[in-house]
Structure formats: C-alpha cells, structure tokens
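This report concerns only the one structure given below.
The values are calculated or read from the model by the stated rules, or taken from the named source; none is laboratory data. Because the structure is a prediction, the values reported are computed rather than measured. Note that each Cβ is placed from the backbone with ideal geometry, even for glycine, and that neighbours are counted across all protein chains shown. Areas reflect the complete protein model, heavy atoms only, side chains present, ligands, DNA and RNA absent. Shrake-Rupley method; radii C 1.70, N 1.55, O 1.52, S 1.80 Å.
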Amino acid sequence: MERFNERGMLIIPNPVHETAATEKILVVGRLFCPNGHSLISNRAVFNGYPGIMVRVRTGQKEGLVALSPIYGSKTRIAMDIDLVKGEIVDLYCPHCDVLLPVHSPCSCGADLIAFFPTRDVDFTDCVAICNRVDCINSRILINDEVISLSMLDAF
Ligand SMILES: [Zn+2]
Ligand SMILES: [Zn+2]
C-alpha cells in the first residue's frame, strides 16, 4: 500500500506526464481548514486520489469545486457553478463555511490561499493555491521553503 508521510503527502511516479518536467509527482493526502475540518473528499477522485473540496463564492454565484490533489495538475471539477477564466473567487470550508485565509499575494495580483496539511494553523507549512481561476500558481511550503516540481526527485 502507498503510504502518506507525516505531512500527508505522497510522491508517486507521474501517471499523466501532464506536468512533464518530472517523473515524480506530489499528491496531497490531507488538508484542513483553520478550524480543523478535512478538505479532502472522495466525492471527486483524480487519478485514483481523493480531491480537495472547497466552497467557492463570487458575486452572486456559489458552488462546490473539487481541485486535483496532484501538485502541478490544473484539473478541477466545478459543481453548481460556472468558473470564468481570470475571475477572482473566495474559497470557504464546505463544512464550517470559514473563509480560507490568505497566505500571501500572488504574482498575478490575486491572493494565494492557505490550506494546512495538519490541524496546526501554520503558515510556514502549508499548501498555497491562487484564488484566480486558471492562474497557474500554487505552491507547497514546508518550513517556509517553496517546494517546486524540480525539487521532487530530492524530496
Ligand atoms: Zn471548516
Ligand atoms: Zn495568481
């Protein structure tokens, strides 16, 4: 059986070569809202791995969106909401409806939103995903260091 490490992350051979740059990819197996609710859900599965489920609101629209847990993959499934490319959305926990916190500004002008791999709300140890639809930025930070795809072989 595949085993996630203590941060709930798993390195697997790249099954899709969607990210091309590396033979290995990082899968996020655990993420929590600031109130400790799990954001990983079996309602949407990507390459066999449960997705990251968030509630998205923008203007008058609201719906659930599942993001791929595979780092570097832009695959997502939107339920009850049409996402418009370039739009900035707010992300909420689907369980307690808390607004997920901003980690830092994204280079595109939107915000990188923090997701926590443990129930400790630790901004130096988190997954950050831009809240602009189709922005390519997402980051995995461990001890405040950005883990890039090219570093995965040494992970
Ligand atoms: Zn919550
Ligand atoms: Zn961005």
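Which is the longest stretch in the chain that no exposed loop site breaks, taking sites as GluC sites (Glu not before Pro) with a DSSP loop state and at most 13 other Cβ atoms within 10 Å? Within the chain, the longest run free of exposed GluC sites (Glu not before Pro) spans 24-155.
Using a 1.4 angstrom probe on heavy atoms only, work out the carbon and sulfur share of the accessible area of the chain in %. Solvent-exposed carbon and sulfur of the chain make up 50 percent of the total. Taking a sphere under 13 Å around the Cβ of ASP97 and counting the other residues whose Cβ falls inside, with K and R at +1 and D and E at -1, yields a net charge of 0.
For the chain, the solvent-accessible area of protein heavy atoms averages 51 Å² per residue (probe radius 1.4 Å; ligands and nucleic acids excluded).
In the context of the full protein assembly, SER41 retains an accessible surface of approximately 20 Å², using a probe radius of 1.4 Å and ignoring ligands and nucleic acids.
Note on ARG76: accessible area is roughly 80 Å² with a 1.4 Å probe, heavy atoms of protein only.
Between ALA78, ALA66, ALA128, the residue with the greatest mean-square fluctuation in the GNM of the chain (Cα pairs under 10 Å linked by springs) is ALA78. The Cβ shell under 13 Å around LEU112 holds other residues with a net charge of +1, Lys and Arg each +1, Asp and Glu each -1.
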